[in-house]
1. Return yes when residue 72 is more than 16 Å from the ligand (Cβ to nearest atom), in contact (Cβ under 8 Å) with a residue 40 or more places away in the chain and touching a helix residue (DSSP H, G or I) at 6+ places or on another chain (Cβ under 9 Å) and no when it is not.
2. Tell me, which residue of the stretch 12-31 that is within 17 Å of residue 74 (Cβ to Cβ) and open to solvent by less than 50 Å² (accessible area, probe 1.4 Å) is farthest from the chain's Cα centre (by Cα)?
3. Scanning the stretch 32-49 for residues that are open to solvent by less than 60 Å² (accessible area, probe 1.4 Å) and hydroxyl-bearing (Ser, Thr, Tyr), which turns out nearest to residue 103 (Cα to Cα)?
4. Restricting to the stretch 97-137, what's the tally of residues that are closer than 21 Å to residue 82 by Cα and open to solvent by less than 30 Å² (accessible area, probe 1.4 Å)?
5. Could you check, for the stretch 117-132, whether at least one of its residues is within 21 Å of residue 31 (Cβ to Cβ), over 11 Å from the mean Cα position of the chain (by Cα) and within 15 Å of the ligand (Cβ to nearest atom)?
6. Mind telling me which of the residues 75, 11, 42, 7 ends up being among the charged types (D, E, K, R) and at positive phi?
7. Return the only residue of 62, 105 being at pLDDT 95 or above and away from the ligand (no atom under 13 Å from the Cβ).
8. Test of understanding: among 110, 86, which residue is in contact with a Cys (Cβ under 8 Å, 6 or more places away or on another chain) and more than 14 Å from residue 25 (Cα to Cα)?
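The values are calculated or read from the model by the stated rules, or taken from the named source; none is laboratory data. Worth saying up front: this structure is predicted, and the values here are computed from it rather than measured. Neighbour counts run over all protein chains shown; Cβ positions are idealised from the backbone, glycine included. Calculation scope for accessible area: heavy atoms of the full protein, side chains included, ligands and nucleic acids excluded. Shrake-Rupley method; radii C 1.70, N 1.55, O 1.52, S 1.80 Å.
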Amino acid sequence: MTEKEIRCLVREYAPEELPSGLKAIVDKAKEMTSTSYAPYSRFRVGAAILLESGEIVGGSNQENAAFPATMCAERSAAFWAGANRPGVAFRKIAIAAATDEGFQQQPISPCGTCRQALLEYEKRFGPIEVVLYGAARIFVVPSVSDLMPLSFTEF
Ligand code: THU
């Protein structure tokens, strides 16, 4: 038997320390929370993806009365980019969330299904840096695979 430890590097920034190169994508993720349709959870999630072209595309969660039909913000952004900018690599994704009280204080992290979906874009195009916004602190993780070790893959 051997034991292996899998590590995940997380960079933590205070809001005022956020690198200038991440500001636009974080601002877009925050802005996208206002396009969320979340009458059931009242938890508005926004996501922004920086493409290799320099374009930033956004998505937000879109809920449904049949709850499992809901689409998360991260996949809404990723699938929009995949459908409308086919073949263009994703470089970074930022995620933010707000309630009626304002932006979440702590970083918001993608659910397992979104991690799995994003992982496939990463396998096609290379590492996607993940920026998890919270009003109190921001986490930056080098890639989606860091967030999902030992993930399913068939290729
Ligand atoms: N949600 C996202 O948009 N992204 C995630 O990674 C997790 C959860 C949404 C789904 C639902 O509309 C609301 O947040 C509450 O779960």
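1. Criteria not met by residue 72.
2. Per the stated criteria, the residue is 22.
3. Per the criteria, the residue is 33.
4. Adding up the residues that qualify gives 11.
5. There is no residue in the stretch 117-132 that is within 21 Å of residue 31 (Cβ to Cβ), over 11 Å from the mean Cα position of the chain (by Cα) and within 15 Å of the ligand (Cβ to nearest atom).
6. 42
7. Selected residue: 105, the only one of 62, 105 that is at pLDDT 95 or above and away from the ligand (no atom under 13 Å from the Cβ).
8. Only one candidate passes the filter, namely 110.
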